[in-house]
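**Student:** Sharing a structure, written as structure tokens. Questions coming.
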Amino acid sequence: MNSGWSTPSPDSFKEGNVVHLWLLNYKKCQEKLNEILPVLSPEEKQRGDKFYFENDKNRYIITKGTLKKILSRMLNTETREIAFGYNEHGKPYLESAPNLYFNVSHSGNFGLIAITPISEIGVDVERFRHKMTREDIARRFFSKKEINDYLSLDIDQRLQGFFNCWTRKEAFIKAVGLGLSLPLNTFDVSLKPGANAEILAIRKPHDDPEKWTMKNVLIDNEYAAAFTLRAVNFETKYWRACSL
Ligand SMILES: CC(C)(COP(=O)(O)OP(=O)(O)OC[C@H]1O[C@@H](n2cnc3c(N)ncnc32)[C@H](O)[C@@H]1OP(=O)(O)O)[C@@H](O)C(=O)NCCC(=O)NCCS
């Protein structure tokens, strides 16, 4: 487990030129479930009840409730005032404060919430799936450059390299907010383990990758994660959400 995550402080709720990243460790957050549940609206509770597995339901409640708690403290308002709208591809935004951007992701035991007033943001976390047929999936979803970069990795780097690429691509499409209607071969990301996380090219619609920042997020040896936004020169703060 990466130790760079801090306990929340009053700083966690200040806007400024900052990306706030919140880590949800679902096993730890589980004990807060009863405290979090009342934060959900009747519609959100109904959506929670539709999950077949209890674990998925609890993850949903913890993520949505924690997001609402953080946003309400940032905006100095009640959690019941926090209402979400959705763009045509399903990306949620804050109805009362559309210029406070956020995005969430969950996989396995961890979730991430990214919040910033700087620009639209995308975040993604994935637990390694060791049995996945990675080469087939890479050929289907990665760009030509990414496939070549992936296949040129040493065998023992390929699991990490694959999920670096996957999470970075997801973070980018989530930042843009177009979902999978944005063709995955129209942009390239770096993937080599140990090298910087970067967007290398954005072909359609053409954009300058230098205007974007992509950051790797360290959580645990069995997970890859990244966030990205169209901005440079900002501060990133890392908070543990379950101690809220
Ligand atoms: C739906 C999608 C946005 C992410 O799905 P995912 O990786 O399965 O799920 P995550 O946990 O990372 O993210 C889910 C959250 O993203 C947010 N989201 C939904 N649609 C979104 C969109 N168009 N843009 C940004 N965020 C979106 C929501 O908050 C959602 O959580 P909620 O439903 O609890 O509110 C979309 O990118 C997708 O369908 N991906 C499929 C996977 C794939 O083929 N990836 C190829 C990568 S190489």
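The values are calculated or read from the model by the stated rules, or taken from the named source; none is laboratory data. Model, not experiment: these values are computed from the prediction. Cβ coordinates were reconstructed from backbone atoms using ideal geometry, including for glycine residues, and neighbour counts include every protein chain displayed. All accessible areas refer to the heavy atoms of the entire protein, side chains included, with ligands and DNA or RNA removed. Shrake-Rupley method; radii C 1.70, N 1.55, O 1.52, S 1.80 Å.
**Student:** With r as the distance between the Cβ atoms of Asp136 and Lys45 and R0 = 30 Å, compute the FRET efficiency 1/(1 + (r/R0)^6) and round to 0.05. Mind dumping the intermediate values first?
**Tutor:** On the way: r = 39 Å, r/R0 = 1.31.
After rounding to 0.05, the efficiency reads 0.15.
**Student:** Okay, moving on. Highest mean first, how do 8-18, 70-80 rank when packing is the count of other Cβ atoms within 10 Å averaged over residues?
**Tutor:** Working: 8-18: 13.8, 70-80: 15.8.
Ranking, from highest mean packing down: 70-80, 8-18.
**Student:** For a quick protection proxy, order the peptides 25-37, 191-203, 44-56, 102-114 by their average other-Cβ count within 10 Å, most packed first.
**Tutor:** On the way: 25-37: 15.1, 191-203: 16.8, 44-56: 11.8, 102-114: 22.2.
Ranked from most to least packed, the peptides come out as 102-114, 191-203, 25-37, 44-56.
**Student:** Counting only protein heavy atoms and using a 1.4 Å probe, what share of the accessible area of the chain belongs to carbon plus sulfur, as a whole percent? Before the final figure, lay out the partial values.
**Tutor:** Values: 5990 of 12460 Å².
Roughly 48 percent of what the probe reaches on the chain is carbon or sulfur.
**Student:** For Arg80 and Asn221, calculate 0.36 nm times their separation in residues minus their Cα-Cα distance, and state this gained length in nm to one decimal. Can you show the working numbers first?
**Tutor:** Numbers: separation 141, 0.36 × 141 = 50.76 nm, distance 3.71 nm.
So the extension gain works out to 47.1 nm.
**Student:** Let me ask something else. Per 0.36 nm of contour for each residue apart, how much would the distance between Lys211 and Ser181 grow if the chain were fully extended, relative to their Cα-Cα spacing? Working shown, then result.
**Tutor:** Working: separation 30, 0.36 × 30 = 10.80 nm, distance 2.23 nm.
Between Lys211 and Ser181, full extension yields an extra 8.6 nm.
**Student:** Give the residue list of chymotrypsin sites (Phe, Trp or Tyr not before Pro) in the range 190-241 that are DSSP loop and have at most 16 other beta-carbon atoms within 10 angstrom.
**Tutor:** On the way: sites: Trp212, Tyr223, Phe227, Phe234, Tyr238, Trp239; in loops: Trp212, Phe234.
Answer by residue number: Phe234.
**Student:** In the structure shown, do any of Lys64/Lys169; Lys69/Lys192; Lys14/Lys192; Lys57/Lys144 have a Cα-Cα gap over 30 Å, and if so which? Numbers along the way, then the final one.
**Tutor:** Values: Lys64/Lys169 23 Å; Lys69/Lys192 36 Å; Lys14/Lys192 34 Å; Lys57/Lys144 38 Å.
Going by Cα-Cα distance, Lys69/Lys192; Lys14/Lys192; Lys57/Lys144 fall outside the 30 Å limit.
**Student:** Give me the one-decimal nm value for the distance between modelled label points at Lys27 and Glu15, 7 Å along each residue's Cα-to-Cβ direction.
**Tutor:** Spacing of the two 7 Å Cα→Cβ label points: 3.8 nm.
**Student:** Keeping all protein chains in place, calculate the accessible area per residue for the range 127-225 (probe 1.4 angstrom), answer in Å². Mind showing how you got there, number by number?
**Tutor:** Working: 5320 Å² over 99 residues.
Heavy-atom accessible area per residue stands at 54 Å².
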